[in-house]
Structures are given as C-alpha cells and as structure tokens.
Amino acid sequence: MSSNPSGPRSKRVSVEATATLVVDAKPQGPGARNRAVLTITDGPAAGRVVALGDIDVASLGRSEDCFIAIPDTSLSREHARIARVAGVFMFKDAKSTNGSFVNGDSAVEAIQLKDGDRIQLGANTTIRFSLVDAKEEEAMTKVYEATLRDALTGLYNRRHLEHQLDVEIASALRHGKQLSVAMLDIDHFKRVNDTHGHAAGDAVLQAFARTLSRLVRPEDLLARYGGEEFTLVLRDTDVLGAVTLANRLRTEIEATPIQFGDVTIRITSSSGVATLDECPEPDKATLMRIADERLYEAKQAGRNRVVGPTA
C-alpha cells in the first residue's frame, strides 16, 4: 500500500514514506526562495520528500500522532516543532529526552532556521534545512517520487514497500490492529511474452496494475514486488477480509480482457495471503515468507486461486 503523502493540524505524513519536509513560506513573487526543505540525511528515514503546503506548525517525533512521524527510537513521542511565523521558519525542541540542536546549539528556546542549517534530533536523525524556489521544490518532489515508484506500472516499488511494511507492522503491534498481506502473481506470464512479445507483456502488467488499483482502498499499499509479482498490504484487515478481497481481485482479473493492438489477451492470477497474527515472529520477513509460500501453493494447486491460512 500506500504511503500518499483538516482542522488546526493537517493530515499526518509518515517519514518512513518521506524523509524530506517541504513547507511553503509566504509568497514573495515568482522565483523567490521561500520554500523550506528539510532533508533527513542520517537516521532510519534518510533520503525522502513531501510537500506540506500551507501547514503552519509541524511536529516531529516517533509518535504516529506527530505531523512527521519518524521511526527513530532515540526520539521522544513529540520531539520538536517547526513553525512558520511571518514568513520565517522557527525550530524548537518539545521537551524531548535526548534533545534537539541546530548547528550544535541546543534548541530549548526557539531558533530561526536559515538556509543550510543542520538540525539534530536525538541520537540518530540529522536534517539539513534549505530554502528553495517553487521550481526547485517541484523538481525535488518529482525526483523523490521517482525513487518510490515502479517506472512501468506507476505503483510503489519494492524498496518503498519494504520500508513502509516495517512502519505498518510496528503500528499494528502498538495499537493491537490486524494487518494482512497478499502476494499476487500473473499466471503463465512467460507465455504472454513468448507468444505476443515483451511489449504485450508490458501492456499486461500495466493493465493488471490498473485493475488492482481500482479495487483496493486508498489506505492500502499496493506495490510491484518484482517481475509479474505484486504485493498488497491491508491495514486493519483480518484473514477473512484479506482472502475475500484477494478472491475479488482474482475474479476481476479473470473477467477483464486486455486489448493489445488487434490481440485480446486473457489472464488469470494466483495469490497467497498471510496475517500478522499468525506469524511466530511478528516481523516483515516472516509475514512475507508465509505469503510467498502460500502463493507457491496456489501455483502448485493449479493456479487461478487464493491460498490463505487453513482453519
């Protein structure tokens, strides 16, 4: 699923899905370098971007209730805040345990951020503050998005899936929520390439991705895992719900012909479903291994089917 990047506080954005905070300053004319970019250079969320629009106050910390939730155990639940005041950006520690610093100076009192400043949160997370213009911000956002997306299908890629799955598992364990994963594979995909060519294979992958995207919830994370294999991460979903959805996807794929030039291609798919509750070790590796084993079972049993936990 996913990670896309109301009231006094805007929608929370997970830094596991983004590690660069973009905040707009007040407009000062075209080309003005009035957009603030925080690039996390060290720590568990190093290297990502989200535009925060007109947000005036952004909290940073390890709590999911923070505007920017950073999965760093050295951080307090709410560790620090960034506020935009009269077109400038102010940074202040939020009475954290391990402290916040700007260029080595303690941020117990508010400090005005300037282009190039270095922010340290706790023991592990380091952030570089920059001011950019609108075009630079747009370019940075596009570059960042490209690192998260599969170029052919437009879905999230395996790298983003594996980062975000760690966050989803931690959240499910912390809040006692259900979490399920479905691994989906196009049956006899090699036959499509061998019969119709690789361009047709690409068209099939794109159509498969569109069908899945149309049927999953916005809060679910859908990614291309590799080749003709895809992964769906389902928040707050038990095994029955996950198997039901996987079967709905399977039925829709089978019923949806794919047109490639003058050729109509029909495909089927197989799925393996696993839930966090059944894992002897509640971690990413175990959850994905069980789902992958069940996908293999579905293939061995004749394909075009879903295999989940046995009763």
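The values are calculated or read from the model by the stated rules, or taken from the named source; none is laboratory data. Bear in mind that the values here come from a model prediction, so they are computed numbers and not experimental data. In this analysis, Cβ positions are derived from the backbone assuming ideal geometry, glycine residues included, and neighbour counts consider all displayed protein chains. What goes into the accessible areas is simple: the full protein's heavy atoms, side chains included, and nothing from ligands, DNA or RNA. Shrake-Rupley method; radii C 1.70, N 1.55, O 1.52, S 1.80 Å.
Karplus couplings for the range 103-109 from phi (6.51 cos²θ - 1.76 cosθ + 1.60, θ = phi - 60°), rounded to Hz, Gly and Pro as x?
These are the phi-based 3J(HN,Hα) values: 6, x, 8, 4, 9, 4, 9 Hz.
Tabulate in residue order the Karplus-calculated ³J(HN,Hα) for the range 97-102, using 6.51 cos²θ - 1.76 cosθ + 1.60 with θ = phi - 60°, rounded to whole Hz; enter x for Gly and Pro.
So the Karplus estimates, Gly and Pro as x, are 6, 9, x, 10, 9, 10 Hz.
Rg/Rh for the chain to two decimals, with Rh computed the Kirkwood way over all alpha-carbon pairs.
1.05
Within the range 233-311, what whole-number % of the accessible surface is contributed by carbon and sulfur, with the 1.4 Å probe and all protein chains included in the calculation?
That share works out to 49 percent.
Keeping every protein chain present and rolling a 1.4 Å probe, give me the accessible area per residue for the chain in Å².
Ligands and nucleic acids excluded, the result is 47 Å² per residue.
In whole Hz and in residue order, list the ³J(HN,Hα) couplings for the range 126-136 that follow from phi through the Karplus curve 6.51 cos²θ - 1.76 cosθ + 1.60, θ = phi - 60°; x for Gly and Pro.
For the range 126-136, the Karplus-derived couplings read 10, 10, 9, 9, 9, 10, 10, 8, 4, 5, 5 Hz, x marking Gly and Pro.
Sequence gap of 8 or more, or different chains, plus Cα separation below 17 Å: how many lysine pairs satisfy both in the chain?
5
Find the centroid of the Cα atoms in the range 189-214 and in the range 64-140, then give the distance between the two in whole Å.
Answer, in whole Å: 44.
As a check on your grasp of the helix formula, calculate [θ] at 222 nm for the chain: sum -39500 (n - 2.57) over DSSP H runs of n ≥ 4, divide by the residue count, round to the nearest 500.
Mean residue ellipticity, 222 nm, calculated: -10000 deg cm²/dmol.
Please report, as a whole percent, how much of the solvent-accessible surface of the range 51-179 comes from carbon and sulfur atoms (probe radius 1.4 Å).
Carbon and sulfur: 51 percent of the exposed surface of the range 51-179.
Considering the dipole of the chain built from charges on the beta carbon (Lys and Arg +1, Asp and Glu -1) around the Cα centre, which of 227, 59, 101 is farthest to its positive end?
59
What accessible surface, in Å², does a 1.4 Å probe find on residue 136, ignoring ligands, DNA and RNA and rounding to the nearest 10?
Solvent-accessible area, nearest 10 Å²: 70 Å².
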